[in-house]
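Participant: Here you go, one structure.
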Amino acid sequence: MADADLKALTAKATYLKNRWPVYADIIDWLVDLLSEAYSVEDRLCLPQTPWDHNLLSQRLRAGEPLFDAGSIPIDMESSRDLFAILVTTTEHRYGKLEPLGSMLSGPSDEVRFILSAVLACESENLESVCSRHGADASLFTLLMRLALRPFLRQLSKRAEAELDLAGWSSGRCPVCGSWPSLAKLGEGNKPRILYCSLCETSWPFSRLECPFCRNDQADSLSYVYAEEEKDLSVDLCERCGQGIRTLGIKHHSAPVLPILDELVISHLAIAATKGEN
Ligand SMILES: [Zn+2]
Ligand SMILES: [Zn+2]
């Protein structure tokens, strides 16, 4: 199982590096980080506490995600350990990251605040904590996302195996309630698939609707793409100003690995933000 995951990761990285050599160094770094996260996930043996199946199914039917930032079961100690490993791995490659490494060593109130800001995708709260520490917010968010990944992936896999997520129609993730960070278009009449930015659960969602504000007015939905790579785009909503990175149907058929797939759409996402201003 773990070998298959690693194989898929290596194959994907090779494909992406060949196609976008400009991202090769960052891809190698992300592969190192993901490998660390995979090996923690492999070693995880959380007690499989019985789920209240009825309650969880009821939540889904009511359009509520299984967990929210306050109730999601996360092993804080192990996340902190993994975070430290990810910081060290990054420092080996890019040099010392002084304020970043100590971000989770503050008082437990602050750590809880940081954690819930990551889980609830509260980017303004994260930015304010990071600026207090003098740390880079986007790098910190990425490392936190990876530090929580083993626990969230395990929840996601369990939810997919034990519960029926098929009827889910919200723009938020059915498992952890976070927002999607990546989409993949479906062939023909098939709906597009959204991928959660944290637990990477995927679920179908209408193509012509904004997952963030549910706007379905075609004249305020648009997308940007580059002429030479029409299989990548950023889908934009004028009403809420949000966009989602999107893989087209012709994109490489290897399994989607959001952290890597999102990276190669970065230049379009930057162009899309510039276009707005
Ligand atoms: Zn999720
Ligand atoms: Zn919107």
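Participant: Based solely on its DSSP helices, what 222 nm [θ] is calculated for the chain when runs of n ≥ 4 H residues each add -39,500 (n - 2.57) and the sum is averaged over all residues, nearest 500 deg cm²/dmol?
Facilitator: Roughly -15500 deg cm²/dmol at 222 nm, from the helical runs in the chain.
Participant: Apply the Debye scattering formula to the chain, with a single equal point scatterer on each alpha-carbon and no solvent, then give log10 I(q)/I(0) at q = 0.07, 0.08 Å⁻¹.
Facilitator: Computed log10 I(q)/I(0) values: -0.25, -0.33.
Participant: Right, another one. Putting +1 on Lys and Arg Cβ atoms and -1 on Asp and Glu Cβ atoms, find which of L126, L104, L34 reaches farthest to the positive end of the dipole of the range 2-162.
Facilitator: Value computed over the given set: L34.
Participant: With contacts defined as alpha carbon pairs under 8 Å and 6 or more residues apart, what's the relative contact order of the chain in percent?
Facilitator: Relative contact order comes out at 16 percent.
Participant: Related question: Could you give the length gained on full extension between A4 and E187, defined as 0.36 nm per residue of separation minus the Cα-Cα distance, in nm?
Facilitator: Gain in length upon complete extension: 63.3 nm.
Participant: Same structure, new question: At 24 Å minimum axial length over the Cα atoms and a Kyte-Doolittle cut of -1.0, report the qualifying DSSP H helices in the chain, or say none.
Facilitator: Both cut-offs are met by 2-19, 24-43, 76-94, 137-162.
Participant: Dipole size in debye (nearest 20) for the chain around its Cα centre, Lys and Arg Cβ +1, Asp and Glu Cβ -1?
Facilitator: Value, rounded to 20: 420 debye.
Participant: Top mean-square fluctuation among L55, L247, L263, Gaussian network model of the chain, C-alpha springs under 10 Å?
Facilitator: Largest GNM mean-square fluctuation: L55.
Participant: On the first, second and third principal axes, largest extent first, how far apart are the outermost C-alpha atoms of the range 180-276 in Å?
Facilitator: 33, 28, 26
Participant: What's the FRET efficiency of D75 with H53 using the Cβ-Cβ distance as r and R₀ = 22 Å, to the nearest 0.05?
Facilitator: Efficiency for this residue pair is about 0.45.
Participant: Using a Förster radius of 45 Å, what is the FRET efficiency between E160 and E127 based on their Cβ-Cβ separation? Nearest 0.05, please.
Facilitator: 0.90
Participant: Could you tell me which of S78, S116, T89 has its Cα farthest along the dipole of the range 76-117 towards the positive end, charges placed at Cβ (Lys, Arg +1; Asp, Glu -1), taken about the Cα centre?
Facilitator: Going by the charge dipole, the pick is T89.
Every number here is computed from the coordinates shown, using simple stated rules; none is lab data. Note that the structure is predicted; figures quoted are calculated from it, not measured. As a convention, Cβ positions derive from the backbone with ideal geometry for all residues, glycine included, and neighbour counts pool all protein chains shown.
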